[in-house]
Structure formats: structure tokens, C-alpha cells
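*Asks:* Got a structure here, written out as C-alpha cells. Questions coming.
Derivation of every value follows stated rules applied to the coordinates shown; laboratory data play no part. Treat the numbers as computed from the prediction; the structure is a model and nothing was measured. Positions of Cβ are backbone-derived with ideal geometry, glycine not excepted, and every protein chain shown enters the neighbour counts.
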Amino acid sequence: MSHPPIVPPLASHGRLACSESELAEWGTRFGRVASAPLLVTISGELGAGKTTLVQAICRGYGVTEDVTSPTFALVHRYDAPRSPVYHLDLYRIQRPSELVNIGWDEISTSYALVIVEWPERAGELIPAGHVPIDLEHDQVHPDRRVLLAG
């Protein structure tokens with residue numbers, strides 16, 4: 001039986017300017033309150049901190065392995081006490097139909113925490129009810145990021 005995803009309280013609509021360490025702390029707290037099944041999308045340009053945020057979310061969720069960007073593998077799967085975690089980096093995807101080859105239908109509907117970087121490459125295959133997070137460079141303070149959640 002499929003349960004609707006529960007949106008963690010820290011994913012409510014908001015805009016937060018933060019340093020890299022503050023971004024990691026936010027991600028860790030987000031991971032602690034996340035409940036599977038949950039699909040989180042993280043958008044942002046290169047160097048915006050997407051992988052840093054994914055690593056922090058995974059740490060908070062209970063992943064003990066090193067979390068690295070799956071830019072070439074496209075998908076990494078990690079074990080956590082509450083459920084598996086799938087980390088997808090869709091940067092190299094040219095069109096949504098390519099997701100069939102990586103098992104998108106099974107991953108996106110599994111009882112897991114699914115975190116997708118570059119979700120715009122998946123187009124309409126990203127299901128409704130996901131938690132969108134956007135990272136931007138802070139134009140005034142180059143060492144800070146602006147996190148937009150929800």
C-alpha cells in the first residue's frame with residue numbers, strides 16, 4: 001500500500017541565506033525529520049551546493065557511507081535505518097525518456113528517500129507531491145547560498 005509522502009516541517013515555503021556550514025546544518029536537520037516515501041528535488045546551477053546539501057540530508061537520515069555525486073553513474077543507492085536512499089544526478093540526461101534505462105519508475109515509487117539533482121532534466125516525470133529545493137548563489141555575498149524550499 002502506498003502512503004502519501006510526508007513533507008518535513010523544515011521544508012515549508014521559505015528563503016534562507018546561509019553559509020556552507022549553515023546549509024549543511026539545515027540539510028542534516030531536514031534529513032532527521034524526513035520520512036519515506038519522499039522525493040526531494042534540488043535545483044541550482046553548478047557550484048551552488050547541491051551535493052553538499054544531499055550529503056547533509058543523507059547524514060541526518062542515517063546514511064553512514066560516504067555520499068558522492070553520481071554524475072557518471074546517474075544513481076547511487078545508500079542504506080539507512082528507516083529506508084533506502086536513492087541519490088540521482090540527472091545532469092547528463094538529455095531527455096526524460098532516458099530515465100527508463102536507470103529504473104526511474106521503480107525508484108520514484110519505492111518506499112525510500114529519493115533525492116534528485118537537476119530535476120528539470122526529468123520534465124513531467126517528477127511526480128506531484130515532491131519537496132522542491134532551489135539553491136542560488138547569493139549575489140551580495142558570494143560565499144553564501146540562498147536556499148528556497150517548498
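*Asks:* Please return the longest stretch of the chain lacking exposed loop sites, where GluC sites (Glu not before Pro) count only if DSSP places them in a loop and at most 15 other Cβ atoms lie within 10 Å.
*Replies:* Working: sites that count: E45, E65.
Counting at most 15 other Cβ atoms within 10 Å as exposed, the longest clean stretch of the chain is 66-150.
*Asks:* Note down the relative contact order for the chain as a percent, whole number, built from C-alpha pairs under 8 angstrom at least six residues apart.
*Replies:* Relative contact order of the chain: 33 percent.
*Asks:* Could you list H137, H87, H76 so that the one with the fewest beta carbons within 10 Å of its beta carbon is first and the one with the most is last?
*Replies:* Fewest to most other Cβ atoms nearby, the residues stand as H137, H76, H87.
*Asks:* Now for a different question. Taking every DSSP beta bridge that has both residues in region 17-144, what percent is antiparallel when rounded to the nearest 5?
*Replies:* Taking every DSSP beta bridge within region 17-144, about 20 percent pair in antiparallel fashion.
*Asks:* Let me ask something else about it. Taking chymotrypsin sites (Phe, Trp or Tyr not before Pro) that fall in a DSSP loop and have at most 15 other Cβ atoms within 10 Å as cut points, what is the longest piece of the chain between them?
*Replies:* Between the exposed loop sites, the longest stretch runs 1-71.
*Asks:* Another question, then. List L23, L16, L113, L46 from most exposed to least, where exposure is judged by having the fewest other Cβ atoms within 10 Å.
*Replies:* Working: L23 22, L16 14, L113 27, L46 7.
With the sparsest Cβ surroundings first, the list reads L46, L16, L23, L113.
*Asks:* Still on this model: Karplus couplings for region 131-139 from phi (6.51 cos²θ - 1.76 cosθ + 1.60, θ = phi - 60°), rounded to Hz, Gly and Pro as x?
*Replies:* The phi angles translate into 9, x, 10, 10, 10, 10, 6, 6, 5 Hz.
*Asks:* Can you give the calculated 222 nm mean residue ellipticity of the chain, where each DSSP H run of n ≥ 4 adds -39,500 (n - 2.57) and the sum is split over every residue, rounded to the nearest 500 deg cm²/dmol? Can you show the working numbers first?
*Replies:* Values: 3 runs with 31 residues, N = 150.
Helix contribution divided over all residues of the chain: -6000 deg cm²/dmol.
*Asks:* Continuing with this model, one more query. Between beta-carbons, use under 13 Å as the cut-off and find the net charge around L74, counting Lys and Arg +1, Asp and Glu -1.
*Replies:* Combined, the nearby Lys, Arg, Asp and Glu give 0.
*Asks:* With a ≥ b ≥ c taken as the square roots of the eigenvalues of the C-alpha gyration tensor of region 25-150, please select rounded if a/c is under 1.5 and otherwise prolate if a/b is larger than b/c or oblate if it is not?
*Replies:* Oblate, because a/c is 1.5 or more while a/b does not exceed b/c.
*Asks:* Right, something else. Can you work out the Karplus-derived ³J(HN,Hα) for every residue in region 99-115? Use 6.51 cos²θ - 1.76 cosθ + 1.60 with θ = phi - 60°, whole Hz, and x for glycine or proline.
*Replies:* Calculated HN-Hα couplings, in order: 5, 4, 5, 9, x, 3, 4, 5, 5, 5, 10, 7, 7, 7, 8, 10, 10 Hz.
*Asks:* Summing Lys, Arg as +1 and Asp, Glu as -1, what charge do residues with Cβ under 10 Å from the Cβ of R121 carry, R121 excluded?
*Replies:* Working: positive: R92, R95; negative: D89, E98, E117, E120.
Cβ neighbours under 10 Å give a net charge of -2.
*Asks:* Please list, ordered by chain and number, the residues whose modelled amide H lies under 5 Å from the amide H of V114; skip anything fewer than 5 residues away on the same chain.
*Replies:* Amide H neighbours of V114, under 5 Å, 5+ apart: L38, L39, V40, Y86.
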